[in-house]
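Below is one structure, written out as structure tokens; comments come after it.
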Amino acid sequence: MFLRMAWFANPFAYIAINTLVAMIPGLAAKLGLSTMLAGFCCSVWCFARLGAFFALWIWDGWHYRFRWLLVAYVALIGAFAVILLAPDLAALVLAQIFFGGALGLIYYSSLFYSMDISEAKGAHGGIHEAAIGLGNFAGPAIGAASLHFLPQQPNSGVFAVTILLLAGLGGLLVIRRLGR
């Protein structure tokens, strides 16, 4: 069950990542950030994710605990929306810390359970990578499609991807319920 939940959550994390990356130039322009400042201020999530990897490597209290994955996924959704709708630089940076931490736990869960649960570690690693590929494509495609069909709504991409992430949360809860 944990392996299925982690595999399910991981592409949604990459949906959020790749949608965010595509939106950074517009976000930086909205906040009036120079190219250099945008590079620093819009990369905080990368360092937060790296910090999460180190913390999760050292601390194993999150292993096989559904609440940690659930909290990370909910934080991912909230931080994603706050980042892309950020009214100021402080909100942008703070939300990225939560975003990166959530991404770290979701990604690390997928990789950890792929390697820990069964003997088919290589095949499971392949499924983990395929899930990332799905997320790389889906987020930007849905965001772009919503902007194409609703050009009068400048935040339609943010809302469409956030709704997709919420649907992923619903799927995660269904997997949890069926796995009991």
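The values are calculated or read from the model by the stated rules, or taken from the named source; none is laboratory data. This is a predicted model, so every value here is computed, not measured. No Cβ is skipped: glycine too gets one built from the backbone with ideal geometry, and neighbour counts run over all protein chains shown. These area figures cover heavy atoms from the full protein model, side chains too; ligands, DNA and RNA do not enter into them. Shrake-Rupley method; radii C 1.70, N 1.55, O 1.52, S 1.80 Å.
Results, tabulated for the structure shown:
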quantity: Cβ-based charge dipole, the chain, positive-most Cα from G126, A6, F40; calculated: A6
quantity: Kirkwood hydrodynamic radius over Cα pairs of the chain, then Stokes diffusion coefficient at 37 °C and 0.692 mPa s, in µm²/s; calculated: 197
quantity: Accessible heavy-atom area order of F12, F80, highest first, probe of 1.4 Å; calculated: F12, F80
quantity: Accessible surface ranking that places the most exposed of L85, L69, L134 first, with a 1.4 angstrom probe; calculated: L134, L85, L69
quantity: The stretch 1-154, accessible surface, carbon-and-sulfur percent (1.4 angstrom probe); calculated: 73
quantity: Equivalent ellipsoid, the stretch 27-84 (semi-axes from 5 times Cα gyration tensor eigenvalues, Å); calculated: 29, 15, 4
quantity: Over the stretch 1-49: Rg over Rh, Cα atoms, Kirkwood Rh; calculated: 1.15
quantity: Cα-projected label distance for L70 with F54, points at 7 Å along beta-carbon direction, nm; calculated: 3.1
quantity: Cβ-derived FRET efficiency at R0 22 Å, C46 paired with L89, nearest 0.05; calculated: 0.80
quantity: Relative packing of peptides 90-98, 59-67 - highest average C-beta neighbours within 10 Å first; calculated: 90-98, 59-67
